[in-house]
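Some notes on the structure that comes next.
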Amino acid sequence: MNDFNEKDISMTFLKGMKVLECFSGIDRAMSISEIAKKTDLNRTVTRRLVLTLEHLKYLESTDRRYSLTPRILRVAGGFLQGHDIGKHVTPILKSFSDKIKESISFVMLDEDRAIYVAHSPGDQRLITQGFTIGSTLPLHATGLGRAILAFCPEDRQKELLKKSPCASYTNNTTVDPEKLKSDLTLTRARSYALVINEFEEGVTSLAVPVLHQDGELIGAVGIVGPNPRFQDEKKRQERLNVLHECAEEIAMLV
């Protein structure tokens, strides 16, 4: 252990870390009183720390219950690049990736972007885009992002669409809000997103939502590749079936 002077230690920072670390798979969402009890901090201090972390987008609240956001992965980005996330999601992705010989990615919502949380590369020869754990994608122009948008609660979806203007990445990017809303309705109805040439010319993105049993959105899983590989309807349906199975397995663990 390194020698240090206690006067050099920020007690406020230590308390903030205690708050972040008190969240677990069992305690996914907690009230300020529950967080205070779990961290052994007084309620006033806990409230300030929680509101600060919410302001910084590391926590989010629903009905006065707080939970971690995927933004925490930005802090852990260096670690995640060299380690399996949670020792659960990556092996699941790999098992299904091996079945269809495709790269499969798992993303979650981070503010108004989709953040890569886990990935299985599949056949390296088929990769079209650079990939980094912790990097983000636009919601409106990608299959993974659109799968998330389509299955967000309606109020949250409106908030995201209002907050993030639809930037154009190619000549085919959907930038018209009404056209995008129409596609999101279709995506939700058929339970998958199909985006062609919108984020990168010549590339198709196919994705499905990852949902809890109660329908709460967790994230999305998807595959990306050159357009010709997605033109055969039978093969595309086979890939969709695998993605849905993969999403169900992830949902049981997250």
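General observations
- Taking the longest Cα principal axis of the chain as reference, the axis of helix 233-253 is set at about 10 degrees.
- Charge dipole magnitude, Cβ of K and R +1, D and E -1 - the chain, Cα centre, debye nearest 20: 300
- The packing ranking of peptides 14-22, 37-45, highest mean first, is 14-22, 37-45, where packing means the average number of other beta carbon atoms within 10 angstrom of each residue.
- Sequence ranges 63-74, 152-163, ranked by mean other-Cβ count within 10 angstrom, highest first: 63-74, 152-163
- Cut-off 15 Å, label 7 Å out along Cα→Cβ of residue 33, residues of the stretch 52-69 by amide N: 64-66
- The C-alpha atoms of the chain define a longest principal axis, and helix 43-55 lies at about 30 degrees to it.
- Under 18 Å from residue 181, Cα to Cα: lysines that are on another chain or at least 8 residues apart: 158, 162, 163
- Projected-area mean, the stretch 92-217, by convex hull of Cα positions, square nanometres: 7.8
- The alpha carbon centroids of the stretch 92-114 and the stretch 39-58 are separated by 32 Å.
- Computing FRET efficiency as 1/(1 + (r/R0)^6) for residue 244 and residue 45, where r is the C-beta to C-beta distance and R0 is 41 Å, gives about 0.35.
- This model, with +1 at the C-beta of Lys and Arg and -1 at the C-beta of Asp and Glu, gives the stretch 6-68 a dipole about its Cα centre of some 180 debye.
- Packing, as the average of other Cβ atoms within 10 Å across residues, places the peptides 109-118, 171-180 in the order 109-118, 171-180, highest first.
- Sorted by Cβ neighbour density within 10 Å, fewest at the top, the residues 96, 230: 230, 96
- Percentage relative contact order, the chain, counting C-alpha pairs under 8 Å, at least six apart: 14
- On Cα atoms only, tilt of 11-21 relative to the major axis of the chain in degrees: 40
- Straight-distance candidates among the lysines for linking to residue 18, with alpha-carbon spacing under 24 Å and chain neighbours fewer than 8 residues away dropped: 7, 37, 38, 57, 87.
- Percent breakdown of C-alpha pair distances by 10 Å bin, ordered from the shortest bin, for the stretch 6-68: 23, 58, 16, 3
- In the chain, a dipole from Cβ-located charges (positive for Lys and Arg, negative for Asp and Glu) runs towards its positive end, and of 90, 31, 59 it is 31 whose Cα lies farthest in that direction.
- Site pair residue 178 and residue 13 shows an inter-label distance of 5.3 nm when each label is modelled 7 Å from Cα along Cα→Cβ.
- Taking the fewest neighbouring Cβ atoms within 10 Å as the starting point, the ordered list for 55, 88 is 55, 88.
- Volume of the convex hull of the chain (Cα atoms only), normalised per residue: 150 Å³.
Throughout, read-outs are computed from the coordinates displayed, never taken from laboratory work. Values in this document were obtained by computation on a predicted structure and should not be read as measured data. Methodologically, a virtual Cβ is constructed for each residue, glycine included, from the backbone with ideal geometry; neighbour enumeration extends over all protein chains shown.
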